[in-house]
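Data block below; observations after.
The values are calculated or read from the model by the stated rules, or taken from the named source; none is laboratory data. Because the structure is predicted, anything quoted here is derived from the model rather than measured. No Cβ is skipped: glycine too gets one built from the backbone with ideal geometry, and neighbour counts run over all protein chains shown. Ligands, DNA and RNA are stripped out before the accessible areas are found, and what is left, the full protein with its side chains, is counted by its heavy atoms. Shrake-Rupley method; radii C 1.70, N 1.55, O 1.52, S 1.80 Å.
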Amino acid sequence: MKQGDAEYLSALDGTMEILRRWAREGRTDGWYKSLSEELKAKGHNVHYRGLIISLLLGDACRRDSQGLEPMLSSIVILKATGRPAGQFFELAKGAPFYRTVAEWTWEREHSRDFARYRER
């Protein structure tokens, strides 16, 4: 699987579906490994510690948000820390998100995601 190929785009669609469902459900146990397992059940072999899952989560954020909306991957967390991996915070700083103000926190982003999808 490579970013942009048909298999990747299919996995991205699956990722979006899973994350939106998790957000609607208000899941607080959305671990990277759980996402990997759900993707595997859909026929997408994406390891939870690999580059592809990071790329999928970044692309899911960019597909779901034009910058002002909450970043959908904020709900995917490391089991050990209860927070997203460092790649999430790097993504948050760049275009189109620019989450650089001191008042921004991942916890608020996380809550905004849940609120956004519960309203739908």
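Just a few scattered comments:
- Residue in region 53-66 that is hydroxyl-bearing (Ser, Thr, Tyr), modelled with pLDDT under 95 and open to solvent by less than 40 Å² (accessible area, probe 1.4 Å) present: yes
- Note on region 17-32: residues that are of a type in the set (Lys, Arg) and outside any helix (DSSP H, G or I) amount to 1.
- Candidates in region 25-45 are the residues that are in contact with a Phe, Trp or Tyr (Cβ under 6 Å, 6 or more places away or on another chain) and modelled with pLDDT under 95; of these, the one that is farthest from Arg116 (Cα to Cα) is Gly30.
- Breaking point among (1) open to solvent by 10 Å² or more (accessible area, probe 1.4 Å); (2) within 14 Å of the chain's Cα centre (by Cα), for His47: (2)
- Evaluation of Leu9 against (1) assigned to a helix (DSSP H, G or I); (2) in contact (Cβ under 8 Å) with a residue 24 or more places away in the chain (one fails), failing number: (2)
- Any hit, region 4-13, residues being at pLDDT below 95, more than 15 Å from the chain's Cα centre (by Cα) and not polar (S, T, N, Q): yes
- Number of residues in region 1-17 that are surrounded by 13 or more Cβ atoms within 10 Å (Cβ to Cβ) and among the small types (Gly, Ala, Ser) equals 3.
- Elements of type helices (runs of 4 or more DSSP H) contained in region 33-120, each with 3 or more residues being over 14 Å from Gly14 (Cα atoms) and touching a residue at least 40 places away in the same chain (Cβ under 8 Å): 106-118
- Residue that is nearest to Pro70 (Cα to Cα), among those in region 87-116 that are open to solvent by 90 Å² or more (accessible area, probe 1.4 Å) and not β-branched (Val, Ile, Thr): Arg112
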